[in-house]
Every structure is written in structure tokens, then in C-alpha cells.
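**Student:** Could you have a look at this structure, given as C-alpha cells, before my questions?
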Amino acid sequence: MIAVIARKELRMLFTSPLAWILLALIQLILTWVFLGRLDAFLEIQPQLLQIANPPGITEIIISPVFAMAAIVLLMITPLLTMRLLAEERRNHTLVLLISAPISMSDIVLGKFLGLMIFFLMVISLILVLSVSLLAGGVLDYGLLLTSTIGLFLISACFAALGIYISSLTAQPVIAAIGALGILLGLWIMDLIANDADGWMQYFSLLKHFEYFNRGLIDTFSVTYFILFIVTFLVLTIRCLDGERLNN
Amino acid sequence: MSEQTIALTLSAQNLCRNYGDHVAVHNVSIQLKRGEVLGLLGPNGAGKTTTMRMLTGNLAPSAGSIRICGFDLFDNPYNAKSHLGYLPETPPLYQDMTVNEYLHLVARLHRIESRAIPTALEETKQRCGLNDRGSHLIHTLSKGFQQRVGIAQAIIHSPDIIILDEPTVGLDPNQIREIRLLIRELGATSSVILSTHILSEVDSVCDRVQIMHQGCMVFDEALADLRLKGINLETIFTQLTFQNRGNMDRVEAA
């Protein structure tokens, strides 16, 4: 049943122009960053050769692209999650799903899964971009892998939070602004966390992503991401269930 | 006793529902036999829609129990809901899908086997007069056709109980007649609950009528009995639900 919902979400996403425009936009921005870094790399290459243990193309070109990708996904996730529940509620179509013999968690997980499949497409496009560097050099596959895992996990966090905000309202625009506000807040927290070496940095999603982006798989970060995802998915299911009890 | 429970497809006991301090539905019981069409009447705000939302699991009752084909709606929601078809007041349609895509999705949501889906789809479109609309986008259809898609959605899995909330609102007289015929046809195999404001509709389609007023069930009688007694449905309805006696006398005098 989760698969039925996920398929429906993907179909609805790709029949609207939104998904295509976003995919094109993401690719445009990331390719730009990619080419910019490539240019910079070619310029400093002679100097790099004089260093004993120089950073490779993966560190200089691909890591910044993944870092940028995380920020771009932070910006666009609210646009994708806003419809998921808020629009269903506004168009009275949520009734169809609730009256069908499926559970609330199937509905929420199906929607989450549909969105994650979309993000997997985005990530695989970035991977294709990275692999194109094989034409002129060697890649650090370990770093590429950790960056990919990190991007996948952080986008899942964005999606879970977005779905939860979408479950709170019947106005897609409010859902988008709410989710964007909170995600931006989490980003700013990262900037503060850079200055002070305090507890703040433990809550910043992008700070945790930075470890992955440097090639580290920190179990603490993995746990934080997974807890974040599970918390917001459970909150969404509870929110929808609660609506039946006392709206 | 056991024979009676088998014959009953839906049995709701003492349903109550409060919104904060406001009592929307109070102590409502509904029992439905197989092959029976029940008309649920009542003025606006009498609690018809709330009752129907409770019967379909969209709203949890504050008190009371609901059994559907022997399954408790709260202990065993999946089995219970698979016997239900529900058309809410606003048909739950995805405007950007075609009729075929939409009905296909509904069939899958109701766990119809993949092999059986094309047949179910064709049959349902046939019954609802949607044959040549399969590839139309839903938002391009007229209100009457959208309403038919809504009904198609409620009957595609051949449920034992079909709950229709004001299915003929906003339709032209021809469409109303067609929908009534369809409801009669559905009533031959399933139990149907139908809420409406139109008294003549109840007269022409229903076997039994229940009237709600201010959240309570105030009247429950088979239409055949009413006819035997020579009681007019409209007189009963006005007597039971007209708020202001003074007004009513004036209406009667007119």
C-alpha cells in the first residue's frame, strides 16, 4: 500500500511542470558551481603539484558541489512538501485516502517514499556530473560515497520536516513558508555554531552534513539524522490521527 | 439472533459526537439490512454529515460503537473499511488525473487484484455512464460528470455498504433521474445510506427513512408503512424539524 501512495505522488509530481522545472533548475545551479570549481582547479593545478600531498579533484570540485546541493535542496524541499497533505486537505481528497482500507502510517510513509525517490533522481544526476570527471582524472570513491549518503540523509530530514508542517495546515503556501522558515532557522543555527563551539552545533543539520562532506561517517550524525526523520514522521501520523479525534 | 446479525450489514449503536461544548450528534443508532436503501433526512446542521463521517471512519465518535459486516470499525478498521464505499459532500477527486487514472488508483487503494482491475474499471464506468470520458482530465468535466466519478469511486470495489452524502446536489433533472436509477440498482445488491434535502428523492428511491434534528434521530419508519398509514413525508418532516411553531402555522395557513 505504501508503494501505491508513493507511485501516486510521483505521478502527480511529474504531471505538473513543477518537478521538471525544479530538476532543470537544480541541475543548472549545480553545473554552474561544478564548472566554476573546475576552472579554479585548473588555475591552481601547477601550484598543487608542488605540495607533497595535494588535495584531489574530488575534494576541490565535488565536495563543494555536494555542499551546494544540500543548500539547494533545503530551499526547494518546502515547494515539494507543501502540497503533500495541505493540498489534499484543501481539495477534500484526504477523505478518499482515510476512507480506504489503509492505515495513516501507510499514507504518510508512502508520501515520504515518493519524495525520496524524487530526491534519489536529483542525487543520481549529481553523481553523473561527478563521474564525468573520470574523463580527466581519478576520483576518491570513498569521499564520493560519504557525500552521497550524507546528502541522502539530510534530504530525508528536510522531507520529513516538510511533510509534518504540511500536515498542520490546509494552506499549501503556509506549509511552504513554515517549512522554509524552520529549515532556514536550522541553517542559521549552523552559522552560529561555526562561531561558538557550544551545544548549538549538535542541532544543526548542515553541521552534521559537513562531516559526511569531508569523508567522515560519524555514528552520532547518522543517529541524529535518523532520529530527526523518525520523530517528524511519527509526529505527522499522530497529527493526522488526532484530527479524526477532535477537529 | 445470529440470523439477524448476518442480515445486518451496518449497525451503529448510540453514536455521540461533541465539538468542544457543542453536541453535534447525540445517541444516534442506525441499522441497515442487506439490500436496503436508507434515506437520511434533516435540515442543515442536523448532524447528517457528521454521522456519515463517523460511519466511514473519518471522524472518531465521542461514544458509541460501529460494526460493519461484523467487523468493529475501531478494532478492525481495515476489514471494516474494505466493505465501505463513501461519497462525501465534496467528491474527493484529483483534478489533474484522468478518469481512468483516478479510478485505477482507487481500485488499487481498495486492494482489488491487478488482474481484476480492468474489468472492475470498465464495469463501473458503464454503470455510471462514464464510458467515453475515460481519458478526460477530471477538472475538464462538468459538475454532473464529476459527481458521477465520485459515485464510481465509491462503488468500484463492489462494497456491501455505500454511503452517499447528497449525491444529487447541483445536477440537472435528467442527471438526477439517472443517479436515482443507479442508486436503486445499487440497492439491489448492497445497502445504501443516502442523505438529502429533497423529500421526493427519498420517496422515489428509499425503502426506509430516518430523520435527524439537532443531532438526534427523531423518526425511523419504513416508507411502505408510511404509505399504508397514508402519512405524507413532508408533513412529518415539517412537524419534527420546524423550529418555530408560529412560523409553521403561518406556512400551513398559506
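Laboratory data are not the source of any read-out in this text; all were calculated from the coordinates shown. Keep in mind that this is a model prediction, so the values were computed, not measured. No Cβ is skipped: glycine too gets one built from the backbone with ideal geometry, and neighbour counts run over all protein chains shown.
**Student:** Please go through the range B:224-241 and give me each residue that is on the phi < 0 side of the Ramachandran plot and either free of Cβ contacts under 8 Å to residues at least 12 places away in the same chain or not hydrophobic (A, V, I, L, M, F, W, C) (or both), ordered by number.
**Tutor:** B:ASP225, B:ARG227, B:LEU228, B:LYS229, B:ILE231, B:ASN232, B:GLU234, B:THR235, B:THR238, B:GLN239, B:THR241
**Student:** I'm trying to understand the selection: among the residues of the range A:68-82, which are of a type in the set (S, T, N, Q) and under 13 Å from A:VAL122 (Cβ atoms)?
**Tutor:** Answer for the range A:68-82, where residues must be of a type in the set (S, T, N, Q) and under 13 Å from A:VAL122 (Cβ atoms): just A:THR77.
**Student:** If A:PRO101 passes every condition in (1) out of contact with any His (no Cβ under 9 Å at 6 or more places or on another chain); (2) within 14 Å of chain B (Cβ to nearest Cβ) but one, which one does it miss?
**Tutor:** Only one criterion is unmet by A:PRO101, namely (1).
**Student:** When A:LEU10 is evaluated against the numbered criteria (1) under 26 Å from A:ILE174 (Cβ atoms); (2) within 14 Å of chain B (Cβ to nearest Cβ); (3) buried (at least 21 other Cβ atoms within 10 Å of the Cβ), which criterion, by number, is the only one it fails?
**Tutor:** Unmet condition: (3).
**Student:** Filtering the range B:85-119 down to residues that are of a type in the set (A, V, I, L, M) and part of a helix (DSSP H, G or I), which residue is nearest to the other protein chains (Cβ to nearest Cβ)?
**Tutor:** Selected residue: B:LEU109.
**Student:** Show the residue pairs meeting these rules: Cβ distance below 6 Å; 6+ apart or different chains; first residue within the range B:50-74 and within 10 Å of another protein chain (Cβ to nearest Cβ); second residue assigned to a loop (DSSP other than H, G, I, E, B) and surrounded by 22 or more Cβ atoms within 10 Å (Cβ to Cβ).
**Tutor:** B:ARG53/B:LEU59; B:MET54/B:PRO61; B:GLY57/B:LEU73
**Student:** Same structure, new question: Could you tell me whether any residue of the range A:105-116 is buried (at least 18 other Cβ atoms within 10 Å of the Cβ), within 14 Å of chain B (Cβ to nearest Cβ), closer than 30 Å to B:LEU164 by Cα and of a type in the set (A, V, I, L, M, F, W, C)?
**Tutor:** yes
**Student:** Now for a different question. Given the conditions (1) farther than 29 Å from B:PHE145 by Cβ; (2) within 9 Å of another protein chain (Cβ to nearest Cβ), and given that B:VAL23 satisfies all but one, which numbered condition is not satisfied?
**Tutor:** All conditions pass for B:VAL23, except number (2).
**Student:** Another question, if that's okay. Out of the residues in the range B:68-112 that are out of contact with any strand residue (DSSP E or B) (no Cβ under 6 Å at 6 or more places or on another chain) and of a type in the set (Val, Ile, Thr), which is surrounded by the fewest Cβ atoms within 10 Å (Cβ to Cβ)?
**Tutor:** If we take residues in the range B:68-112 being out of contact with any strand residue (DSSP E or B) (no Cβ under 6 Å at 6 or more places or on another chain) and of a type in the set (Val, Ile, Thr), then B:THR90 is surrounded by the fewest Cβ atoms within 10 Å (Cβ to Cβ).
**Student:** Moving on. Considering only the range B:139-152, state which residues are out of contact with any strand residue (DSSP E or B) (no Cβ under 7 Å at 6 or more places or on another chain) and not in a loop (DSSP other than H, G, I, E, B).
**Tutor:** Residues satisfying the conditions are B:HIS139, B:THR140, B:LYS143, B:GLY144, B:PHE145, B:GLN146, B:GLN147, B:ARG148, B:VAL149, B:ALA152.
**Student:** Taking the conditions exactly as written (on the phi < 0 side of the Ramachandran plot, more than 14 Å from chain B (Cβ to nearest Cβ), surrounded by 14 or more Cβ atoms within 10 Å (Cβ to Cβ) and free of Cβ contacts under 8 Å to residues at least 40 places away in the same chain), does A:PHE41 satisfy them or not?
**Tutor:** Considered against the rule, which asks whether it is on the phi < 0 side of the Ramachandran plot, more than 14 Å from chain B (Cβ to nearest Cβ), surrounded by 14 or more Cβ atoms within 10 Å (Cβ to Cβ) and free of Cβ contacts under 8 Å to residues at least 40 places away in the same chain, A:PHE41 comes out as yes.
**Student:** Sort out which residues of the range B:26-67 are within 23 Å of B:ARG184 (Cα to Cα), crowded, with 20+ Cβ neighbours inside 10 Å and of a type in the set (Gly, Ala, Ser), and write them in order of number.
**Tutor:** Within the range B:26-67, B:GLY39, B:GLY42 meet the criteria.
**Student:** While we're on this one: If you check B:SER158, B:SER135, which single one turns out to be more than 13 Å from chain A (Cβ to nearest Cβ), in a loop (DSSP other than H, G, I, E, B) and buried (at least 16 other Cβ atoms within 10 Å of the Cβ)?
**Tutor:** That would be B:SER158, the only listed residue that is more than 13 Å from chain A (Cβ to nearest Cβ), in a loop (DSSP other than H, G, I, E, B) and buried (at least 16 other Cβ atoms within 10 Å of the Cβ).
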